[in-house]
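For reference, the structure discussed in these notes is given below.
Just so you know, all these numbers are worked out from the coordinates, no wet-lab data involved. For clarity, every value in this text was computed on a predicted model and none was experimentally measured. In this analysis, Cβ positions are derived from the backbone assuming ideal geometry, glycine residues included, and neighbour counts consider all displayed protein chains.
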Amino acid sequence: MSASAEIAVEAAGSAVVAHVAGEIDITTVQRLACDLLETLGNDATTLVVDLTGVRYVDSAGIEMLFETSRRLRRRRQGMALVVPPGSLLSPVFDLTGIDAAAPMFTTVEAALQER
């Protein structure tokens, strides 16, 4: 993965939490999408993408999140996004309607409780 994006993964029961940090842009989306999909085995029900550490997302990043959600739905798995209050990503996500593809939560704990 590019030096501008990092991912750390942890299991949480039947869910997988992917903590993403850095920038999600045209240079990082392809590798990030592969990493996200590879983290979720067939026995997992939900991928929680923690975007707390993300400082920038471009249109390629938004499309990658929509596409990842579509691919997981086809596999009968879900995706949730974690965006903390006051995040610079919130206005972009509100504008794009990303919550139609994946519900948004303010904490990982809240996302795990709702799955």
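Within segment 31-115, report the GluC sites (Glu not before Pro) that DSSP leaves as loop and that have at most 11 other Cβ atoms within 10 Å.
Filter output for segment 31-115: empty list.
Residue by residue through segment 37-48, what is 3J(HN,Hα) from phi via Karplus (6.51 cos²θ - 1.76 cosθ + 1.60, θ = phi - 60°)? Round to whole Hz and write x for glycine and proline.
5, 6, 6, 9, x, 5, 8, 7, 9, 9, 10, 9
Return the sequence-ordered ³J(HN,Hα) values of segment 15-21 in whole Hz as given by the Karplus equation 6.51 cos²θ - 1.76 cosθ + 1.60 applied to θ = phi - 60°, using x for Gly and Pro.
9, 10, 9, 10, 8, 9, 9
So what's the gap between the Cα centers of segment 87-111 and segment 57-80, to the nearest angstrom?
For segment 87-111 versus segment 57-80, the Cα centre distance is 12 Å.
Quick one: dipole size for the chain, taken about the Cα centre, charges +1 on Lys/Arg Cβ and -1 on Asp/Glu Cβ, in debye to the nearest 20.
Roughly 420 debye, rounded to the nearest 20.
Amide H neighbours of Asp50 under 5 Å, counting only residues 5+ apart in sequence or on other chains, H built in-plane at 1.01 Å?
Ala18, His19, Val20, Val82
Quick one, which of [x] 95; [y] 85; [z] 108 is the actual volume of the Cα convex hull per residue in Å³ calculated for this model?
[y]
Skipping prolines and chain starts, which residues have an amide H placed within reach, meaning under 5 Å, of the one on Ala12, given they are 5 or more residues away or on another chain?
The answer is Val17.
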